[in-house]
Structure formats: C-alpha cells, structure tokens
1. To the nearest 0.05, what FRET efficiency results for ARG162 and LEU102 with a Förster distance of 25 Å applied to their C-beta separation?
2. Using packing as a proxy for protection, rank 99-105, 144-150 so that the peptide with the highest average count of other Cβ atoms within 10 Å comes first.
3. Could you run the Karplus curve 6.51 cos²θ - 1.76 cosθ + 1.60 with θ = phi - 60° over the range 26-35 and give me ³J(HN,Hα) per residue in whole Hz, x for Gly and Pro?
Amino acid sequence: MSISDFDVEPRSGSRFGVVLLSIASAIAGVLAIIGWPLPVISSTHGRGRHAWARTSHEVQDWFTHDGWRMSGASWIYGALAVVAAAAVVVLLHPSWSGRRALLIVVVPAGALLVVGPALQWALGVPWSNYGSGSASSTAIGIVATVTCAAVLMVFRRAARRRARRDTDQETLAH
C-alpha cells in the first residue's frame, strides 16, 4: 500500500493559496466599503510633507469625519478584492485555460479601476469627502496606468503568439 491508495479527494488548486487570497479579498473588501485612505507612497507634490506624515494625516481625517466616509480609494481596494476573489475561483478550477483565467481575473478589476475613478472625476465628485483634494489627478493617473498596462499586455501576447507561430513554421520546414 502507498499513500496514493488513501488519497481519494481530487486535487484542485492550492488550499493555502485559496485561504490566503480569500482573507486578502475580505480585507480589501472591508477597506473598500469603509473608504479607508490609500497609503501615500511618495510626496512629489512639493508640499514639503513626507509620505508617512501625509498618510497619517489622511487617516486622522478619516477618523475625525462624522458620517459616511466615501473615498475614491474604494475603487482600488474593490479591484484588489475582486482580483483576489477571482484568483480563488481560478485556483479552484485549474483546468481553465490561461485566457479564460485572465479574463475572469483582469476584466472585472480593470473595469473597477478605470470606470470608477473616471466616472467619479467626470461627475466632479472629490476624491474623498473627509479629506482635501480632487479626483482629477488620481483618476487620470489610474486610468492611464491601467490603459497602458492593458496595451502592453496585448502587445506582449501578440509577440508571444508571433514567436510561437515562427517557431512552429521553422519546425515544419525541417
């Protein structure tokens, strides 16, 4: 007898990965719902404040605001929650093709990242109702980043397809 004789449950994806991604999805979903401010990575706006000080200030603004805390950061946290939840689904179905898995993970998150901030900016809604600043620069930055990433992904897939086709033609020629 071997261990495989006792293994009666079919293997479907990484259990640790599923649990970790489920927790990440839940945390990101809660952060999206409560409108938690995004951490400031750099302070390039010339205001003289460091990134940590600006992040702390935004968190303090979040805590002191009375009422609902709406934030454009919810689009980003929501997209992260969707990516993690979709990745769980993909891990549980390892037989799905790469293209199908990519569509399940990337399309909903990309839609949240592009449509949400762009709509918020177009409607003139501020980035948050508990802090200062408009949604324009942040929305434009997010839309530009996601659009560039999508274009690069399309070019990368086309280059791989072309390289694969050239390799197949060389194999057939020999």
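1. 0.85
2. Answer by packing, highest mean first, reads 99-105, 144-150.
3. 5, 5, 5, x, 5, 4, 5, 5, 8, x
Each reported figure results from applying straightforward, stated rules to the coordinates on display, with no laboratory input. Since the model is a prediction, treat every value here as computed from it, not as a measurement. Note: ideal-geometry Cβ built from the backbone for every residue, glycine included; neighbour counts use all protein chains shown.
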